[in-house]
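Written below as structure tokens is the structure these notes are about.
Laboratory data are not the source of any read-out in this text; all were calculated from the coordinates shown. Please read these numbers as outputs of a predicted model, since none were measured by experiment. Note that we place each Cβ from the backbone using ideal geometry, even for glycine, and neighbour counts take in every protein chain shown.
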Amino acid sequence: MFRILLIFIFFSSPSLSLSQSLKKAYKQFENSEMETLREILLKFDEKNIENSGKYFLYSLYYLQDAGDRDKLDSAYFFIKESKEKFPNSSPKEAEELDEIGITLPKIDSVISVIDSVEFAFVSSINTISEYKKYMRDHPHSKFFDISKKKWHSLEFAIASKVNTWEGYKDFMDTFRDSDEYSIAKSLYDELLFRDETSERSLKSFENFLAKNPDTPFRDSLEYLIF
């Protein structure tokens, strides 16, 4: 499936007379001659060829095994290198890249594929550390906001398991834009009220109200006090 998608991405714009080296390398990819493609890319390395096209083809090479997360990481590394070097291409290199169909939109399309596959890995593991790493490594991904929500939800689950007003306060202080903020606030208010008025005495009510004038229990406490 990934191979079909990559070929579609690659050929969705017309090709003219191609640079022989890049053309030969891509031909091996097209024919599933992965070892030959690897040999050509290694020769590029030996000749210190540092252009966007080489790194683009390296990314396609590693994406053949997108189910292997280490190789997916390699594909992402190389496609980022391709995008970084693309604006600095010489006029001749830029012409060759355009002829073979390597453009910024094509590079971004490969990045989008990698973002999606990596997010599937992260979602299957479903841990705070995985979501945080994904957000750090894929800051422009369409899954960035979803990862952030899932991370916050896991943090809230931890606070809920502890179930103390201190824990909910820490959560609110750290994750002010979380979807669970209002729930955490409600639980915090209730647990704080229970804890600090556990004596159920008039004095405890007065002290609590003095320390927490914005408590949602204010009306009830004022009724009890006065």
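Only helices enter this figure: runs of n ≥ 4 DSSP H residues, each worth -39500 (n - 2.57), summed and divided by the residues of the chain, yield -23500 deg cm²/dmol at 222 nm to the nearest 500. Distance between the 7 Å Cα→Cβ label points at K71 and N126: 2.8 nm. Largest mean-square fluctuation among E84, E118, E196, in a Gaussian network model of the chain whose springs join Cα atoms under 10 Å apart, belongs to E196. Of all lysines in the structure, the ones whose alpha carbon falls short of 18 Å from that of K106, not counting any fewer than 8 places away in one chain, are K23, K27, K54, K80, K83, K85, K142.
Within 11 Å, Cβ to Cβ, of E93, how many net charges do the neighbouring residues add up to if Lys/Arg are +1 and Asp/Glu are -1? Let's see the in-between values first.
Numbers: positive: K54, K85, K92; negative: E50, E95, E96, D98, E99.
Result for the local shell: -2.
Computed over the chain with a Gaussian network model linking Cα atoms closer than 10 Å, the most mobile of I107, I79, I125 is I125. In the list [x] -0.49, -0.61, -1.10; [y] -0.49, -0.55, -0.80; [z] -0.31, -0.40, -0.82, the label attached to log10 I(q)/I(0) by the Debye sum over Cα atoms at q = 0.08, 0.09, 0.13 Å⁻¹ as derived from the coordinates here is [y]. Modelled this way, with points 7 Å down the Cα-to-C-beta line, the labels at D108 and T36 are 3.4 nm from one another. Modelled label positions at S198 and E84, each set 7 Å beyond Cα in the direction of Cβ, lie 5.6 nm from each other.
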